[in-house]
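Note sheet for the following structure.
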Amino acid sequence: MNAGDLAQSQALPLELKVIKTRQRIREWYGHWRGQAYVSFSGGKDSTVLLHLVRSVHKDVPAVFCDTGLEYPEIREFVKSCGDVEVIRPEMSFREVIGKYGYPVISKEQSRCIEEIRTTKSERLRDIRLNGDVRPDGSRSRFGMVSKKWRHLIGAPFKISAKCCGKMKKAPFAKYERQSGRMPMTGEMAAESRRRMTNYLKFGCNGLSRKSPKSTPLGFWTEQDILRYLKEFSVPYCPVYGDIVETDAGLRNTGLEGTGCMFCMYGVHMEGANNRFVRMHSAHPKLWEYCIHTVGCGEVLSYIGVQYRDIFVKGAAQ
Ligand code: SF4
């Protein structure tokens, strides 16, 4: 599949997307003789996926990884869904950051910084500082710490990209080994460049991936997700608010994303009303724990991100 094919699929009407997605789900289920599961985060994408999967095969389990970093509303919603298997990581977030380091800026930048700090290889260090060497000897900017974040190399705290692996990948991998089931996730190509690259390479049912995975919503968009929830009256986590029509299409009035509450990936791009500022007013006790006990406040200050809601009493000190 190329980018043009993907754009065509993304432009299909929702009714056709539903038909196509159900077909991909049947294929995945058939290929693994029913040994499939839905990786269920409680977010709106995996809520749509679970609804679609259960409309085709009622016996497919939903599996939720309780990392301790989910919004309280998401945990409540997951409990209310019924028939959801809960798995947990072996380490807590505090243990992971204590042992490896904080996830900050992006997975790639965290990995590069971690490698520069720990590698004994001069060559790897050079690549992470100056970019990969192309066959003609010139340097690509791929795989290096960007100039903007160079100062993080000398930061007085650990930085690492291992958090997702320990908190999410490892528990699901264990579940798959023990159950023999293969995952379906709500990932969409439109969400990030990495997801788009993978979708173009593997399509919906990634049988040839290193770890096979189905992403039957791969060609859906955020608008499709909102429209599906609305049109099929699918119950979803209240933290997203209402789904309303606007001139620019559908929009939800609450949170946009419900990933890990304490994650610092991408927060530098969220502006003044970022996830930590919102957490300060919506979940003050969790905010205290995250900012002071877990130490995210020091990291956020270091990257120049405001994390206090100035309208919360006492926030100015
Ligand atoms: S999304 Fe962030 S906080 Fe959550 S597991 Fe991954 S790196 Fe850790």
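Structure above, values below:
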| item | result |
| --- | --- |
| Residue-averaged 222 nm ellipticity for the chain, from DSSP H runs of 4+ at -39500 (n - 2.57), nearest 500 | -11500 deg cm²/dmol |
| Low-density loop positions, chymotrypsin sites (Phe, Trp or Tyr not before Pro), the range 52-156 - DSSP coil, at most 12 other Cβ in 10 Å | Phe142 |
| Candidates per trypsin sites (Lys or Arg not before Pro) in the range 119-195, loop by DSSP, up to 12 other Cβ within 10 Å | Lys120, Arg141 |
| Column: log10 I(q)/I(0), Debye, Cα scatterers of the range 185-317, q = 0.11, 0.13, 0.15, 0.20 Å⁻¹ | -0.56, -0.75, -0.92, -1.14 |
| Among Tyr289, Tyr37, Tyr71: highest mean-square fluctuation, GNM of the chain, C-alpha pairs under 10 Å | Tyr289 |
| Fully extended contour minus Cα-Cα distance, from Arg75 to Arg33, at 0.36 nm per residue | 12.1 nm |
| GluC sites (Glu not before Pro) within the range 90-179: DSSP coil, no more than 14 neighbouring Cβ in 10 Å | Glu90 |
| Kirkwood-type radius of the chain, with distances r between different C-alpha atoms, in Å | 21.3 Å |
| Calculated FRET efficiency for the pair Lys313/Leu207, C-beta based, R₀ 41 Å, to 0.05 | 0.15 |
| Alpha-carbon Rg/Rh ratio, for the range 104-154, with Rh computed the Kirkwood way | 0.96 |
| Candidate aspartates and glutamates - alpha carbon under 13 Å from Lys169, same-chain residues fewer than 8 apart omitted | Asp66, Glu90 |
| Reachable aspartates and glutamates, given that their alpha-carbon falls under 16 Å from the alpha-carbon of Lys210 and they are not under 8 places away in the same chain | Glu176 |
| Set of lysines near Lys148 by C-alpha distance (under 21 Å), chain-local residues within fewer than 8 positions excluded | Lys107, Lys158 |
| Equivalent-ellipsoid semi-axes of the range 20-100, from the Cα gyration tensor, Å, largest first | 28, 15, 10 |
| Radius 11 Å from Cβ of Phe77, net charge of other residues (Lys, Arg +1; Asp, Glu -1) | 0 |
| For the chain, cysteines whose Cβ has no other cysteine Cβ within reach (under 4.7 Å) | Cys65, Cys81, Cys112, Cys163, Cys164, Cys204, Cys237, Cys290, Cys296 |
| Cα gyration tensor shape for the range 101-191, rounded if a/c is under 1.5, else prolate or oblate | prolate |
| Centre separation in Å (Cα based) which lies between the range 115-132 and the range 162-184 | 30 Å |
| Prolate/oblate/rounded call for the range 1-160, Cα gyration tensor, a/c under 1.5 rounded | oblate |
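None of the figures in this text is laboratory data; all of them are computed from the coordinates on show. This one's a predicted model, so the numbers in the text were calculated from it and none came from an experiment. Reconstructed Cβ throughout: ideal geometry from the backbone, glycine too, with neighbour counts over all protein chains shown.
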